[in-house]
Amino acid sequence: MTSFVLRRLLQAVVVMLGVTLLVFILEHILPGNLAREILGIRASAIEVRAFDRQNGLDEPIVVQYWRYLVDLVHGNLGHSYRLNESVRSVLAQDLPKSLIIVAPALVIAVLIAVPLGIVQAVRRNTIVDHATTGASFVLYAMPSFWLGMILIIVFADKLGWFPVEAPQGTSIGAVLADPRALVLPCLTVMLVSIAFFSRYMRSAAIEALAQDYIRTARAKGLPQRLVLARHLVRNALGPVITLVGLSLPTVITAGLVSEYLFNYPGAGLAYWNAAVNQDYPVELGITLAIGLATVLGNLLADLAYAALDPRVSFGSPAGD
Amino acid sequence: MAVQSVWEQTAPGRTPATLLPKEDEPPAKLSLRPALAVFSASRTGLLGVGLVVFILLFCFVGPLLYHTNQLAGNLSNVNLAPSAHHLLGTDSQGFDVLGRLMVAGQSSIEIGLAVAAVATSFGVIYGAISGFLGGVVDAVFMRIIDTILSIPTIFLFIYLATAFKPTIWLLIIVLSALSWLNPARLVRGEALSLRRREFVDAARVMGSPKHKLVLRHIVPNTLGTVIVNATFQVADAILILATLAFFGFGLPPPAATWGGMLSSGINYIYDGYWWEIYPTGAIIVLTVLAFNFIGDALRDALDVRLQVR
């Protein structure tokens, strides 16, 4: 167990370094010249050189990467020249607001998708299974922005149950003060996640149903209810933990779409605005934050899974 | 339509058993016929093939029959409701929506297929090498994949699209560069177990060089998994393309894109111009569903356990 945890931790550190390297590379493959971009085309060569010197852009690339890492460790994510604000303060302002939408959506999606997948597996090839599997298939195939548009048309425009626009408050308190306006953005992310999870949950449960221990449980005369509750649910839950970790990029993408669609001032909208304004530091800062969060999420998911299922930490000696 | 005729031979009405090789016949080495039988027994798989054929005809043959001008808008015919003249109405630039759906589909499908081909080819070789060599190479190769997988594709993509002006080729390259990870992981997993098999050992003992072991013995045995995954990749690429275009980072005008059509349709969401919102979304869903259906049926068809029912 300990060696598994250590190995997994080491891997996560390596991948995190990889993410920083990737973001660093992305920053440096930009066409054009940062100094020109900021000082304008009329800046003289001397001014450009002074800027490069001041910002360490004339150093060797390896030194620049090292400095970048040192800055990161100190919480310095760069400076947005468009907003004239540090990227860290942009993130501190917008990321918690994204969490308000994404976190509840993720939790509710798991709570719905897990029983749904089990019902689909148990009632395999019945009308219930066909209808719900078909629905999640269609949801999965739907571009999330189109799903959001339909939700707006139906629930905001036609029925008028919820406002069209997400809360516009700058503080978290102001956002939470208007929960009705949070429903549609949250629902968009949730539906996408349910489609994603239930597909896997169904096949995980089908696989579990075919195992010997289920047959044994049935053979010894356990009623269906107990077979499901004691044997199936417990064993099928393991993969869900991994799945939640793996789903983070999908869920975050749905969050980006949802924030854009409902004009919700979270990190996704900040990212889009930064992209439109070619505000690369903000784009890269958000990308980095999301990348690191995903690595951490996957690490936690794997550790939790290993704690629950001893087969994980003792199997695969070659490592994965 | 060679594809279609193959499916017709194994129509869903026939029982799969009649298509299995008879006992007095020598067993076929690569048993494609039972695979076909399982595939054609899958109604969704056949539906998927039918849908793909329909969408291909719609996008590539449709414009030959239904002539519209998709290069110059007509500002006197803006946002017209469907009529005999414009079967699905016109959009905010005066483009005929039905005609635009067809033209926009061409680039989506071309890019989707190209990405699946490029990403799969690269991913297969990468994964096969990683799994075959194992050890340090494998560890490094896999951490590279973990790194790229940690960042949602759409963020990387939007970033690259803001930095470089998107063209059809750039989209294919960038989308492929971000989509080879899954096939690589799948193939690596298979290669890990394949490399310990006897036929690989036999080839190695006979002095086969490493590159030949990978290309002749490992890769061909992973093809089932790879083909299934490639089908899903077409669908995923089409979805990402649409999302990207919706955000305004797809192919620049005058190119028509499905995502771009929805992005302009959203401005009229309260005006009841349903023809600018529903048909485009529906055709994206149909296309993505079709490829997913085919992928699912192929997975069943190539799964040996299901063939010997």
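The values are calculated or read from the model by the stated rules, or taken from the named source; none is laboratory data. The model shown is predicted, which means the values in this text are computed figures rather than measured ones. Neighbour counts run over all protein chains shown; Cβ positions are idealised from the backbone, glycine included. These area figures cover heavy atoms from the full protein model, side chains too; ligands, DNA and RNA do not enter into them. Shrake-Rupley method; radii C 1.70, N 1.55, O 1.52, S 1.80 Å.
Observations, loosely collected:
- Residue check for A:Val138: part of a helix (DSSP H, G or I), more than 29 Å from A:Gly173 (Cβ to Cβ) and within 12 Å of chain B (Cβ to nearest Cβ): yes
- Qualifying residues in the range A:79-118 (those that are more than 18 Å from A:Ala293 (Cβ to Cβ), of a type outside the set (A, V, I, L, M, F, W, C) and open to solvent by less than 20 Å² (accessible area, probe 1.4 Å)) - the one modelled with the highest pLDDT: A:Gly117
- Checklist (1) in contact (Cβ under 8 Å) with a residue 40 or more places away in the chain; (2) assigned to a helix (DSSP H, G or I); (3) of a type outside the set (Lys, Arg); (4) within 14 Å of another protein chain (Cβ to nearest Cβ) applied to A:Val14, failing item: (1)
- Residue that is nearest to A:Val276 (Cα to Cα), among those in the range A:65-80 that are of a type outside the set (Ser, Thr, Tyr) and in contact (Cβ under 8 Å) with a residue 12 or more places away in the chain: A:His79
- Residue check for A:Leu69: under 20 Å from A:Leu288 (Cα atoms), away from chain B (no Cβ under 14 Å) and open to solvent by less than 50 Å² (accessible area, probe 1.4 Å): yes
- Condition met for A:Arg7 (open to solvent by 70 Å² or more (accessible area, probe 1.4 Å) and under 25 Å from the mean Cα position of the chain (by Cα)): yes
- Residues that are among the β-branched types (Val, Ile, Thr) and more than 10 Å from every other protein chain (Cβ to nearest Cβ) were ranked within the range B:148-189; the one that is farthest from A:Thr287 (Cα to Cα) is B:Val187.
- Which listed residue, of A:Pro265, A:Pro281, is within 12 Å of chain B (Cβ to nearest Cβ) and either surrounded by 20 or more Cβ atoms within 10 Å (Cβ to Cβ) or of a type outside the set (Asp, Glu) (or both): A:Pro281
This table checks each residue for (1) of a type in the set (D, E, K, R); (2) within 12 Å of another protein chain (Cβ to nearest Cβ).
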| site | (1), (2) |
| --- | --- |
| A:Arg180 | yes, no |
| A:Met190 | no, no |
| A:Phe196 | no, no |
| A:Asp212 | yes, no |
| A:Pro249 | no, yes |
| A:Ala254 | no, yes |
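- Filter pass, A:Ile127 being without any contact (Cβ under 8 Å) to a residue 40 or more places away in the chain and open to solvent by less than 50 Å² (accessible area, probe 1.4 Å): no
- Qualifying residue in the range A:21-41 (condition: assigned to a helix (DSSP H, G or I), in contact with a Gly (Cβ under 6 Å, 6 or more places away or on another chain) and acidic (Asp, Glu)): no
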